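The values are calculated or read from the model by the stated rules, or taken from the named source; none is laboratory data. None of these values were measured; they are calculated from a predicted model. Virtual Cβ from ideal backbone geometry, glycine too; neighbours counted across all protein chains shown. Areas reflect the complete protein model, heavy atoms only, side chains present, ligands, DNA and RNA absent. Shrake-Rupley method; radii C 1.70, N 1.55, O 1.52, S 1.80 Å.
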Amino acid sequence: MIRITFVCTGNTCRSVMAEKVFNKMLSDKGIEGAAADSAGTAAMSHYSIYGDLELVLDEKGVEHGGHTPRRVDRAIMEEADLVLVMTRGHKEFLLEFFPEHSGKVYMLSEYAEGTEEDVPDPIGQGVEAYRRAYCEIERYLENVIERIRDELAR
């Protein structure tokens, strides 16, 4: 089983979106042997996902219920085989606090396309910003899925 953890700041938006979309893509493509979860560098368990995110996920037919934000910690880092973050800042944070896991921490864009592009935070910018983030994350995830499929085939 390949375990992927997506990380953003509050674990209420981008990382949740990536987790839910990735798991749906795995299911839709019939890929077994991989699963995703998510966490945040500054997550608080009393946070909840935003209405705009719920709206966009509903539009795309992506299940999102039951999410409770989690702050990234040593146990999460140890359990993950691959940690994909949304920004350079998230990567720097994880490398500073969990240097022993540096070999499995990548920016989402870096792992997907070999670039180092931040996925912009749509919080507070309205539903269109969430739609743009969804499209960007989905594009990256298509490439991640192909890499995971190749890894599972070995």
What does the charge count around Val119 come to, taking other residues whose C-beta lies under 9 Å from its C-beta (Lys +1, Arg +1, Asp -1, Glu -1)? -3
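Is the C-alpha gyration tensor of the stretch 75-114 telling us rounded, prolate or oblate? Criteria: a/c under 1.5 is rounded; beyond that, a/b larger than b/c is prolate, otherwise oblate.
It comes out oblate by the Cα gyration axes.
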With every protein chain kept in place and ligands, DNA and RNA left out, what is the accessible area per residue of the stretch 1-145? Probe 1.4 Å, answer in Å². 45
Search the structure for amide H atoms under 5 Å from the amide H of Met107, placed 1.01 Å from N in the peptide plane, and list their residues when 5 or more places away or on another chain. Val85
For P(r) over Cα pairs in 10 Å bins from 0, in percent, which listed value, (i) 11, 40, 36, 11, 1; (ii) 10, 39, 34, 11, 5, 1, 0; (iii) 12, 45, 37, 7, 0, comes from the coordinates shown? (iii)
Kindly list the residues of the stretch 112-154 that lie in the label zone of Asp81, defined by a backbone N under 18 Å from the point 7 Å along the Cα-to-C-beta vector. 112, 141-154
Which of the residue pairs Lys20/Lys60; Lys29/Lys60; Lys24/Lys104 have a Cα-Cα distance greater than 18 Å in the structure shown? Lys24/Lys104
Expected 222 nm ellipticity per residue - DSSP helices of 4 or more, -39500 (n - 2.57), all of the chain, to 500: -15000 deg cm²/dmol
Just report the Cα centroid separation between the stretch 61-119 and the stretch 9-50, whole Å. 11
Carbon/sulfur accessible area of the stretch 1-109, % of total, 1.4 Å probe, equals 48
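Hydropathy first: keep DSSP H helices in the chain averaging at least -1.0 on Kyte-Doolittle, then drop any whose Cα extent along the axis falls short of 24 Å, and list what survives.
Taking the DSSP H segments of the chain (at least 24 Å long, mean hydropathy at least -1.0), we get 127-153.
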Give a residue-ordered list of calculated ³J(HN,Hα) values for the stretch 107-119 (Karplus: 6.51 cos²θ - 1.76 cosθ + 1.60, θ = phi - 60°; whole Hz; x for Gly, Pro). 5, 4, 5, 5, 5, 7, 9, x, 10, 10, 9, 5, 8
Quick calc: nm separation of the 7 Å Cα→Cβ label points for Thr68 and Asp28 -> 2.9
